[in-house]
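One structure is given below, encoded as structure tokens.
The values are calculated or read from the model by the stated rules, or taken from the named source; none is laboratory data. Predicted, not measured: the structure shown is a model, and the values here were computed from it. Cβ: placed from backbone, ideal geometry, glycine included. Neighbour counts: every protein chain shown. SASA here: full protein model, heavy atoms, side chains in, ligands and nucleic acids out. Shrake-Rupley method; radii C 1.70, N 1.55, O 1.52, S 1.80 Å.
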Amino acid sequence: SAVVMNCEEMVLTEKFDVIVCKRALHHMNLSKVVTRVHDSLVEGGRFIAEEPVCLLKPLRWIHKLLPFHPQAPRTDDEVEFTKEDLALIRHVFREVRLHYLDCLTRESIKYCLWRARAERLLRPLGRLDSSLVNDYLTPLKYLSTYVLIHATK
């Protein structure tokens, strides 16, 4: 069965094979959510989340001063995951794999390509971005703007 709810408030009597969060956790109390998600999974269950990330403190400061692009929607509770947030998830779950996204295809670049009517470049740029950041030039993860989290209980 499928259930849609706020992870901070979930109280479930059944266990799930998979729990998915897409760009929602960064609005919640992460330690509370991670514990509830873990408790709601069967043994070997998977937690998958995509969240904004910023692993460098100076970049977080810049992100607060400058929007990603002129029409970027932001709310007061917006935060980007940090190294400490990812460490918390690693502490709770048995296995955690991270896949970093949007170094070369960050929102500001997507916006510029859209304005230039060159959106067709996004897919090949995204593939290059993923390979560089996760396979070949892994220090680029520090410049990525999203992380895909695959955690196993």
Residue-level accessible surface for Leu86, protein heavy atoms, 1.4 Å, Å²:
10
How far, in degrees from 0 to 90, does helix 122-131 lean away from the longest principal axis of the Cα atoms of the chain, to the nearest 10?
60
Roughly how tilted is helix 30-39, in degrees to the nearest 10 and between 0 and 90, from the longest Cα axis of the chain?
50
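State to the nearest 20 debye the size of the charge dipole of the chain about its Cα centre, where the only charges are +1 on K and R beta carbons and -1 on D and E beta carbons.
About 560 debye.
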Divide by every residue of the chain the summed helix terms, -39500 (n - 2.57) for each DSSP H run of at least 4, and state the resulting mean residue ellipticity at 222 nm, rounded to the nearest 500 deg cm²/dmol.
-9000 deg cm²/dmol
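Based on DSSP loop calls and a cut-off of at most 14 other Cβ atoms within 10 Å, the longest stretch of the chain free of exposed GluC sites (Glu not before Pro) is what?
No qualifying site falls inside 79-153, the longest such stretch.
For the chain, what is the accessible area per residue in Å² when the probe is 1.4 Å?
Computed with neighbouring chains in place, this is 62 Å² per residue.
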FRET efficiency for Arg94 and Arg115, Cβ-Cβ distance as r, R0 = 41 Å, nearest 0.05?
0.40
Measure nothing fancy, just the Cα-based angle from helix 83-92's long axis to the longest principal axis of the chain, in degrees from 0 to 90, nearest 10.
30
Projected onto their principal axes, the Cα atoms of the chain stretch, largest extent first, over whole-Å spans of 51, 35, 31
Keeping all protein chains in the complex and leaving out DNA, RNA and ligands, what accessible area do you get for Ile62 with a 1.4 Å probe, in Å² to the nearest 10?
70
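Could you put Asp39, Asp129 in order of accessible surface area, largest first, with the 1.4 Å probe and the full protein assembly present?
Reading off the accessible areas and sorting them downward yields Asp39, Asp129.
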A 1.4 Å probe over the protein heavy atoms gives the range 17-144 a carbon and sulfur accessible-area percentage of 57
